[in-house]
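Values quoted throughout were computed directly from the atomic coordinates according to the rules given, and no laboratory measurement underlies them. Because the structure is a prediction, the values reported are computed rather than measured. Glycine also receives a Cβ, built like all others from the backbone with ideal geometry; neighbour counts cover every protein chain displayed.
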Amino acid sequence: MINGEGIITGTVVSAAAIAAAAGHFDETRLILAIFGTAFVYWLAHLHARTLGDAVKHRKHLMSALRESLAETWPISAAAIVPAVILIVVQLVGGTIDAAAWIAVSACTVLLTVYSFVAAQRAGLTTTRSVGSAAVGALLGVLVIALKASLH
């Protein structure tokens, strides 16, 4: 089962890449920026997690790497959804700017849903799950504010 950490982190990283790069690149380069940013962030997280687990739990480095790979891959995978949204909006005739806004907005919705579902899976009450969803939504709103302030 996928934990919420990687998918939430990857979604925020992807949305932030869109926020920073939209308006500066064409569709292809924007998609490459999303995947590239998520990939580099994932590698950094994988490295830190592997070393941290090896030291903290006194695991062999390769054992820690295997566990870290299994647990952190959603960071990179989360870039797929916003990239597909960018492609679809462009295919139906939307501008790159509209596609970027739709993708960042969709990431905000996804962060809200992921946060709610993760809280539910953790056994939180509905009220606390809604609170978790609100935090996820806030992360998305912060990325939207970043995009608005940069462009």
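Looking across segment 40-89, the residues that are under 30 Å from residue 27 (Cβ atoms), in contact with a helix residue (DSSP H, G or I) (Cβ under 7 Å, 6 or more places away or on another chain) and without any contact (Cβ under 8 Å) to a residue 40 or more places away in the chain come down to 41, 42, 45, 46, 85, 89.
Select, from 28, 37, 11, the only residue that is of a type outside the set (Gly, Ala, Ser), farther than 29 Å from residue 120 by Cα and in contact (Cβ under 8 Å) with a residue 24 or more places away in the chain. Don't jump to the end; show me each part of the working.
Details: 28 fails: in contact (Cβ under 8 Å) with a residue 24 or more places away in the chain; 11 fails: farther than 29 Å from residue 120 by Cα.
Residue meeting the stated conditions: 37.
For the condition touching a Phe, Trp or Tyr at 6+ places or on another chain (Cβ under 9 Å), without any contact (Cβ under 8 Å) to a residue 24 or more places away in the chain and either surrounded by 15 or more Cβ atoms within 10 Å (Cβ to Cβ) or part of a helix (DSSP H, G or I) (or both), what is the one hit in 130, 135? Give the derivation first.
Working: 135 fails: touching a Phe, Trp or Tyr at 6+ places or on another chain (Cβ under 9 Å).
Result of the check over 130, 135: 130.
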